[in-house]
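The values are calculated or read from the model by the stated rules, or taken from the named source; none is laboratory data. Keep in mind it's a predicted model, so treat the numbers as computed, not measured. Methodologically, a virtual Cβ is constructed for each residue, glycine included, from the backbone with ideal geometry; neighbour enumeration extends over all protein chains shown.
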Amino acid sequence: MPRRSQRTNSLKKIKKRLPGGLYVIHYKKEEPSSAICAECKKHLHGVASGSFTDVKNAPRSKKKPTRLYGGNLCAACTKNKISQEIFQKKR
């Protein structure tokens, strides 16, 4: 029976064969996926990815860009959105 902390679906279960022929189960945390753009679904550069504690302990400048829509939209989508807003204000 696994320990109580290992009885969760958030851990990957990997079967390993030992030299004596026995199989054991190793528990491995899943790697978090990288941040994606909300509009075009591309990978966001400059946004920290990793475990929660790694991101939490990182300095603020490493977590996400400090520009408008930083950490939510990629640079191209941000440029399009800002140009659309400026165009609508001129009308």
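A quick yes/no check of all residues on (1) assigned to a helix (DSSP H, G or I); (2) surrounded by 11 or more Cβ atoms within 10 Å (Cβ to Cβ); (3) of a type outside the set (A, V, I, L, M); (4) in contact with an Asp or Glu (Cβ under 6 Å, 6 or more places away or on another chain):
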| residue | (1), (2), (3), (4) |
| --- | --- |
| 9 | no, no, yes, no |
| 15 | no, no, yes, no |
| 47 | no, yes, no, no |
| 53 | yes, no, yes, no |
| 56 | yes, no, yes, no |
| 72 | no, yes, yes, no |
| 77 | yes, yes, yes, yes |
| 81 | yes, yes, yes, no |
Legend entry - Cβ pairs under 8 Å, 6+ apart, first in the stretch 34-57 and in contact (Cβ under 8 Å) with a residue 60 or more places away in the chain, second surrounded by 13 or more Cβ atoms within 10 Å (Cβ to Cβ) and part of a loop (DSSP other than H, G, I, E, B): none
Legend entry - Only listed residue being loosely packed, with under 10 Cβ neighbours inside 10 Å and touching a strand residue (DSSP E or B) at 6+ places or on another chain (Cβ under 8 Å), chosen from 29, 89, 42: 29
Legend entry - Positions within the stretch 1-37 being within 12 Å of the chain's Cα centre (by Cα), more than 22 Å from residue 75 (Cα to Cα) and modelled with pLDDT of 85 or more, in sequence order: none
Legend entry - the stretch 38-68, residues that are touching a helix residue (DSSP H, G or I) at 6+ places or on another chain (Cβ under 6 Å) and at pLDDT below 90: 48
